[in-house]
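Visitor: One structure, as structure tokens, below. Some questions next.
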Amino acid sequence: MVDPRRWANEYATRMGHIVEDFQVLSRAGILRPLGPQQMRGLVREVRRWGLGPAALYGVAAVRTPNTEAAADTERRVTFAELNDRSNALANALAEDALAGGRVGLLARNSVFFVEATAALAKLGSDTLFLNTGFAGPQLKEVAEREGLSALIHDEDFGPLVASSGLRLPCYSSSAVDALIAQGDPSPPPPP
């Protein structure tokens, strides 16, 4: 039989921990009041993408659209720009039938890396982050073993990709930029 006093004490302790957690998150700025329009936007993004990584980009674009999302030595993007650019890339890659496939990403830490990761999440593709220290034979062996359907890579890995003998669609960072420029920035259909 459950002792009601013991149960009440345990419940009160758990609720106290939850309140403390909310206070910490609120002081850190993670939890804050939202207006009705932002709340609708958050709900829309979570409904569209579920609770996976793709939702994070849309939610961040709704909550803090003008906040810097990613930066490297060449450029910076806000959450709104990242969301639009990754949507455009996801839509363009979907036209190339990459939705739901396993795609390799060979890139250093950069805005390009973040944009490609977001786009692949929105496509519902499995992203395999590849070691930037691979030699050509290693790249080919891993791509074949893991059943990659495509490869997205930094421009400077072009010679490595060419020497690997891969026989699958490969998109360099300049090709990705062209796809983004031509792509539709509206949200792609959920996977």
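The values are calculated or read from the model by the stated rules, or taken from the named source; none is laboratory data. Fair warning: this is a prediction, and the values are worked out from it, not measured in the lab. All Cβ positions, glycine included, derive from the backbone under ideal geometry; neighbour counts span all protein chains shown. Calculation scope for accessible area: heavy atoms of the full protein, side chains included, ligands and nucleic acids excluded. Shrake-Rupley method; radii C 1.70, N 1.55, O 1.52, S 1.80 Å.
Visitor: Add +1 for every Lys or Arg and -1 for every Asp or Glu among the other residues with Cβ under 14 Å from the Cβ of Pro169, and state the total. Mind showing how you got there, number by number?
Guide: On the way: positive: Arg102, Arg167; negative: Glu95, Asp96.
Spelling it out: positives minus negatives among the neighbours equals 0.
Visitor: Taking amide H positions as placed in the peptide plane 1.01 Å from N, state which residues far from Asp72 in sequence (5 or more) or on other chains have amide H under 5 Å from it.
Guide: Val111
Visitor: Return the sequence-ordered ³J(HN,Hα) values of the stretch 88-94 in whole Hz as given by the Karplus equation 6.51 cos²θ - 1.76 cosθ + 1.60 applied to θ = phi - 60°, using x for Gly and Pro.
Guide: Those phi angles translate into 4, 5, 4, 5, 5, 5, 4 Hz.
Visitor: Can you give the FRET efficiency for Ser174 and Arg47, using 1/(1 + (r/R0)^6), R0 = 22 Å, r = Cβ-Cβ distance, to the nearest 0.05? Before the final figure, lay out the partial values.
Guide: Numbers: r = 35 Å, r/R0 = 1.59.
E between Ser174 and Arg47, to the nearest 0.05, is 0.05.
Visitor: Which value, in Å² and to the nearest 10, is the accessible area of Asp3 when all protein chains are kept and the probe is 1.4 Å?
Guide: Accessible surface of Asp3 is approximately 80 Å².
Visitor: More than 27 angstrom separation, counting every C-alpha pair in the chain; what % is that? Intermediate values should be presented prior to the final figure.
Guide: On the way: 7455 of 18145 pairs.
Value for the chain (Cα pairs over 27 Å): 41 percent.
Visitor: Say the dipole of the chain comes from +1 at the beta carbon of Lys and Arg and -1 at that of Asp and Glu; which of Thr13, Asn66, Leu151 then lies farthest toward its positive end?
Guide: Final value for the positive-end residue is Thr13.
Visitor: Top mean-square fluctuation among Ser149, Ser110, Ser163, Gaussian network model of the chain, C-alpha springs under 10 Å?
Guide: Looking only at Ser149, Ser110, Ser163, the largest GNM fluctuation is found for Ser163.
Visitor: While we're on this one: Once both axes come from the Cα atoms, what is the angle between helix 4-27 and the longest principal axis of the chain, in degrees from 0 to 90, rounded to 10?
Guide: Value to nearest ten degrees: 50.
Visitor: So, one more: If you place +1 on the Cβ of every Lys and Arg and -1 on the Cβ of every Asp and Glu, how big does the dipole about the Cα centre of the stretch 62-191 come out, in debye to the nearest 20?
Guide: On the way: 10 positive and 17 negative charges, 50 e Å.
Using only the charged Cβ atoms, the result is roughly 240 debye.
Visitor: In addition: Normalised radius of gyration for the stretch 143-187, please: alpha carbon Rg relative to 2.2 N^0.38 Å, two decimal places. Before the final figure, lay out the partial values.
Guide: Numbers: Rg = 12.3 Å, N = 45, 2.2 N^0.38 = 9.3 Å.
Scaled against compact globular proteins, the figure is 1.32.
Visitor: Would you give the gap between the C-alpha center of the stretch 121-139 and the C-alpha center of the stretch 172-186, rounded to a whole Å?
Guide: 19
Visitor: Please identify the trypsin sites (Lys or Arg not before Pro) of the stretch 63-111 that satisfy two criteria: DSSP loop assignment and at most 11 other Cβ atoms within 10 Å. Which are they?
Guide: Numbers: sites: Arg63, Arg75, Arg76, Arg85, Arg102, Arg108; in loops: Arg75, Arg108.
When the trypsin sites (Lys or Arg not before Pro) of the stretch 63-111 are filtered for loop state and at most 11 Cβ neighbours within 10 Å, Arg75, Arg108 remain.
Visitor: Please give the helix 53-63 orientation as an angle from the longest Cα principal axis of the chain, in degrees from 0 to 90, rounded to the nearest 10.
Guide: Compared with the principal axis, the helix lies near 70 degrees.
Visitor: How far, in degrees from 0 to 90, does helix 111-123 lean away from the longest principal axis of the Cα atoms of the chain, to the nearest 10?
Guide: 70
Visitor: Still on this structure, I have one more. Could you sort Tyr11, Tyr171, Tyr57 by their accessible area in this structure, using a 1.4 Å probe and putting the largest first?
Guide: Working: Tyr11 110, Tyr171 25, Tyr57 45 Å².
Listed by decreasing accessible area, they come as Tyr11, Tyr57, Tyr171.
Visitor: OK, next. With n ≥ 4 as the cut-off for DSSP H runs, can you work out [θ] at 222 nm for the chain, using -39500 (n - 2.57) per run divided by the number of residues, rounded to the nearest 500? Present the calculation step by step, with values, prior to reporting the outcome.
Guide: On the way: 8 runs with 107 residues, N = 191.
Calculated mean residue ellipticity at 222 nm is -18000 deg cm²/dmol.
Visitor: Express in % the proportion of alpha carbon pairs of the stretch 71-132 at distances exceeding 14 Å. It would help to have the intermediate numbers written out before the result.
Guide: Values: 1017 of 1891 pairs.
The calculated P(r) of the stretch 71-132 puts 54 percent of pairs beyond 14 Å.
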